[in-house]
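Here is the structure we will look at.
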Amino acid sequence: MKDFAAALRVEGRVFSALVVRELGSRHGGDATGTLWLLIEPMILMGIVYCLHSLEIQSALTVPFIIILLTGYLPHLMLRHAGISGLSSIKANSGLLYHRQVHFLDVAYARMFVETATVLIAFTLVCVGAHYLGMLNTPYSIAYVYLGWFFHVWFIMTVCAFVAGAGLVWPIVRRMYVPWTLAMLIPYEAFTMLSWWPTTFQWYLLFFPCTEATELLRYGFFGPAVPTYGNVLYTTLVMIPLTFLSLLVMHWGRKHLEL
């Protein structure tokens, strides 16, 4: 048990050092550059909100800003974390010569930076929108956290898969961005699931990210707006997907040229 605790402490120090290294290497330790990591998703979401709300806000029965916060922002996390995961292994392959640095540490450190910045941006936007009267207090904070938990779990799983698969099949790296554009629909980036036909809803609910979005939206709207999240189904789907992504990443490591 003591050996396991010691190994966890070493892993924690390695991972935190990689995260700090990632933050510093991007902008040369410039605090302004690090701040940009937080501001960028907020600016992108603000632009999209302005463009869409001018035309359709009056016709919506739910605030459009919540649709963006619960759909577009998680999708932005998927895109950024995945692109970072694809480049993290080869960009930091030299670190793998160190005995205490594992293949997973390098990949997840960069993904952690991307997911953390989007989550912080989400919190800042929620606080600011609530202060300006654009956002009411969520119905259930617990469901908001639960929805984000499943979003982060799904995104980390996908990113681990593409990081490993990209080392084996180069086409994965080229197809990732087009695939994320197609995922705008399952992420419900600009829509509500209840707006779609019933048959299409049934197909979309096979995606764990759709389930996560529905749980997140239930946290904001509660029973006042129809949502269809299922915690048990999402968990049962994510467990085998997680093991699959770890196996693919382990397989990809064998094809890595240091």
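No lab work stands behind these numbers, since they all come straight from the coordinates. None of these values were measured; they are calculated from a predicted model. Please note: Cβ atoms are built from the backbone with ideal geometry, for glycine as well, and neighbour counts cover all protein chains shown.
Here the Karplus curve 6.51 cos²θ - 1.76 cosθ + 1.60, taken at θ = phi - 60°, turns the phi angles of the range 188-196 into couplings of 6, 4, 10, 9, 10, 4, 5, 7, 7 Hz, with x standing for Gly and Pro.
At 0.36 nm per residue, and after removing the present C-alpha to C-alpha distance, how many nm does the segment from L244 to W196 gain when stretched out fully?
Length difference between fully extended and current span is 14.2 nm.
What's the exposure ranking of V10, V19, going from fewest to most Cβ atoms within 10 Å?
V10, V19
Each label was represented as a point 7 Å from its Cα along the Cα-to-Cβ direction; for Q100 and V231 these points are 3.8 nm apart.
Annotation: the residues Y228, Y187, sorted from fewest to most other C-beta atoms within 10 Å of their own C-beta, follow the order Y228, Y187.
Annotation: the residues M156, M249, sorted from fewest to most other C-beta atoms within 10 Å of their own C-beta, follow the order M156, M249.
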